[in-house]
1. For segment 271-313, what value does the Rg/Rh ratio take when both radii are computed over Cα atoms and Rh is the Kirkwood radius, given to two decimals?
2. Give the carbon-plus-sulfur fraction of the accessible surface of segment 491-578 in %, rounded to a whole number; probe 1.4 Å, heavy atoms of protein chains only.
3. Could you pull out every residue, at least 5 positions away or on a different chain, whose amide H is within less than 5 Å of the one on Arg551? Hs are placed 1.01 Å off N in the peptide plane, and Pro or chain starts have none.
4. How much of the accessible area of segment 212-359, in percent, comes from carbon and sulfur atoms when a 1.4 Å probe is used?
5. For segment 247-323, just the Cα atoms, rotate onto the principal axes and tell me the three extents in Å, largest first.
6. Given H placed 1.01 Å from N in the peptide plane, which residues other than close sequence neighbours of Phe292 have an amide H under 5 Å from its amide H?
7. With r as the distance between the Cβ atoms of Phe138 and Leu411 and R0 = 45 Å, compute the FRET efficiency 1/(1 + (r/R0)^6) and round to 0.05.
8. Working with all protein chains in place, sort Leu213, Leu244 by solvent-accessible area computed with a 1.4 Å probe, largest first.
Amino acid sequence: MSASRAPQSCQQCRRLKRKCTRELPFCSLCIRLGKACQYTQRSPHSASENAGSIGTSIDSPEAGGALLLARVQRLEGALLSGPSLSSLGSPGQVGHFGNGPGSRSSAASSAGDATPVGPGFGNPNKFPSEYFLDPDFFTPLSADALSLGTPPILSSCLLFLGMDLMPICHTYIATVSRSLSILSPKRLLQDISAIRPSHPDPGFILVLCGIRLLSDTAYAGACAEYKLAKALSSSAENEGIVSLRLIQGLVLLAVYELGHGLCPASYMTIGRAARMAMLMGLHDRQGAPQLFKPADTWTAREEERRAWWAIFTLDRFCNINTESLPLAVPEPSKTFLLPINDLGWSQGDMGTAVPEPAALVSSLTVSDSSAIGRFATTCQAAHLVSHVLQHRASARAAARDVTPPPADDTLRIDEALQLHRTLVALDSRIALGDAPGHDANMEALALVCVARMALYNLYGCNEPDVRSAPGRLRAEAEMQRVSVQGVVEVGSGRAAGLARGSPAGGRAVSPFVLACLYLAATECAWFVREGCGPDMRASLVAVVQALRVLRGSWGAAGTFLELLARDETVAEMFGDVS
């Protein structure tokens, strides 16, 4: 009998009374059906008559070789189908994630244990079915109850991360984290130091993969490393893992996808993060069922809030140019708290939390945006983007109505004017780094500018995209006037400032800025065609030059340049801008 075949059927085939193919380490039937395949371990003496089989006595050299070959093949199968983290090798292979002197080898586990190893086996998480079936019987779980698992792709992700993670984490904190601060720097570095080689958190490994992809400009587009991280996220979900770290990892992947124009991957990733966040109840701490018990630390609670705000911001930004797709997360309540001041957050100082009135999402504008912090201002801008999206949807729906009440048109124009005033107020309070002691808040300004252009495009033309009541309303004429002026302000002023503020490129520039620059360029090109002065032409030049620089860091910048190249005005001014 061949040493690569077992002397008898596996336990699954014997139990189901089917013909087993008896391959080692797993039969093909179990692999195809996703069953845990296990062969009965037979003692050497009871199988000594079957020379060359897996139960052969090791007294003879031939039998010993057959036994060794069978065990090697069993180990190879285990590694391919779902390796244990202790089998990843020495520290030289995967850095400080490798085995220590006291770790248990997978070879000993495979050869001597009766625990079955195979496809679909070993999922330690069991999601409580009563959460959906009968919530009255559900009790919130501990925070790490659904965070364990050993996805098959995990070992490859550890190899990708390498030996020393501290440099890339410090790079991330100094660049990407400044525009979308969802990870506590102190907790991040502490968790890296506390990683257990035998049981790392797959969600945290996904976070580290996202950090590396975002921090190193060598990784761009749908590269192999990105596909590896995507495979880990899918594998973790398939194992039933639900955790804050997994949500954070999905957010980082979505930022990477938006920055490189990976569609519809970014839209789908944001949706996955949103579903998991709402499953945990992050969108409504008071009214929604809570999957986990409340976090026992101030830092963890703040990370949960920031993760939800990041998903909300990405979701609204992703839907700026897509009017037919539903939003992934609901609107925040008026009493929902904004993130705390970034200075206290980065230093782990609870004493610098913002005052109560400014911390509420309903406080859209304050006297000084630096008082509530950079990320909180970005969240306020995203909230205004959401209001513009709602207004646009209602205006489009009203335009399809055959006989709208005249009062509805009047109220709609009043709402548009109020949105304009609120956007201008927040715009005037956002610093671009030119004031002493102020840091450039480019992502918040980009969101405000994008929201303004989306609003003005509804009313700025001679024949607006939305319909008013019979006879032009005085308010509609006023809205058309402020829309044209607003486009000029954004195109020749704020967009040009964004373009000048991002000449160095790098991942510190948010993907929000890329979309804002592109939309501003299309508006500038329209004004140049109308012959409306040199300011728009100069702004268009600055924006195109900025996108050319940024395409070395973000692939989406190159895509936007390709789209601009189709514009006759841009092609006439620059030739082939792409």
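1. 0.94
2. C and S fraction of accessible area: 49 percent.
3. When sequence neighbours closer than 5 places are left aside, there are no close amide H contacts.
4. In segment 212-359, the share of accessible area belonging to carbon and sulfur is 57 percent.
5. Computed over the Cα atoms, the extents are 38, 23, 15 Å.
6. HN-HN under 5 Å from Phe292: Leu141.
7. On the way: r = 43 Å, r/R0 = 0.96.
Computed FRET efficiency for Leu411 and Phe138: 0.55.
8. Working: Leu213 0, Leu244 25 Å².
Sorted descending by solvent-accessible area, the residues read Leu244, Leu213.
The values are calculated or read from the model by the stated rules, or taken from the named source; none is laboratory data. The shown structure was predicted, so the numbers you read here are calculated from the model rather than taken from an experiment. Quick reminder, even Gly has a Cβ in these numbers, built from the backbone with ideal geometry, and neighbours come from all protein chains shown. Ligands, DNA and RNA are stripped out before the accessible areas are found, and what is left, the full protein with its side chains, is counted by its heavy atoms. Shrake-Rupley method; radii C 1.70, N 1.55, O 1.52, S 1.80 Å.
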